[in-house]
Amino acid sequence: MSRTYTTLGLISWFLLIGMAIPTGLYAAQYFEYRYFPVMAWFSVNETVRTPSRVYITGMMRKLRDNCETIGLSAQGPNGSVLTLKTLDSGTPDKMISRRVGEQMWGPWEISSVAGDVPSDISLYVQHRCHFLWKQTTNLTSLPKNQAQYLVRNK
């Protein structure tokens, strides 16, 4: 009888730990994103639209030094993936990790494989600050015919 209770006790502990670890990781990821963002603000100061491309430049403020930029992406309104090239990095396909502080960025070129660039574009950046997870930041959305966009983390 005591062997059964020991087995049930061990199974309960494994289940409790098995549920606590993912919950703790989720909470830590949320806490890091909310209270320790990589980007403080991101603004688009100039937008040049052609039928097949959009060129943007602007300012940003990076807060965390230990975070490596691992991805930069642009999406259309229905989630369609757009091509984004960072023309300021010397080589458009190379990701650069920027220094901490306020700085200018751009020009960046956004184009679509399908031809016309959609009127609404969302920009995202992914950073790796440690080995546990990637941190994705929604930089901004570019509505048609608007030049200034200020984003989120204050």
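The values are calculated or read from the model by the stated rules, or taken from the named source; none is laboratory data. Everything numeric in this text was worked out from a predicted model, so none of it was measured. FYI the Cβ positions are ideal-geometry reconstructions off the backbone, even for glycines, and counts take in every protein chain you see.
Among the residues making up the stretch 95-110, those that are in a strand (DSSP E or B) and at pLDDT 90 or above are Gly101, Glu102, Gln103, Met104, Trp105, Pro107, Trp108, Glu109, Ile110. When we screen Val125, Val117 for residues that are surrounded by 17 or more Cβ atoms within 10 Å (Cβ to Cβ), on the phi < 0 side of the Ramachandran plot and either at pLDDT 90 or above or touching a Cys at 6+ places or on another chain (Cβ under 7 Å) (or both), the only hit is Val125.
For beta carbons closer than 6 Å, sequence separation of 6+ or different chains, a first residue in the stretch 28-45 that is more than 15 Å from Asn138 (Cα to Cα) and a second that is aromatic (Phe, Trp, Tyr), the qualifying pairs are Gln29/Trp133.
In the set (1) among the aliphatic types (A, V, I, L, M); (2) out of contact with any strand residue (DSSP E or B) (no Cβ under 8 Å at 6 or more places or on another chain); (3) in contact (Cβ under 8 Å) with a residue 24 or more places away in the chain, Ala20 fails one condition alone, (3).
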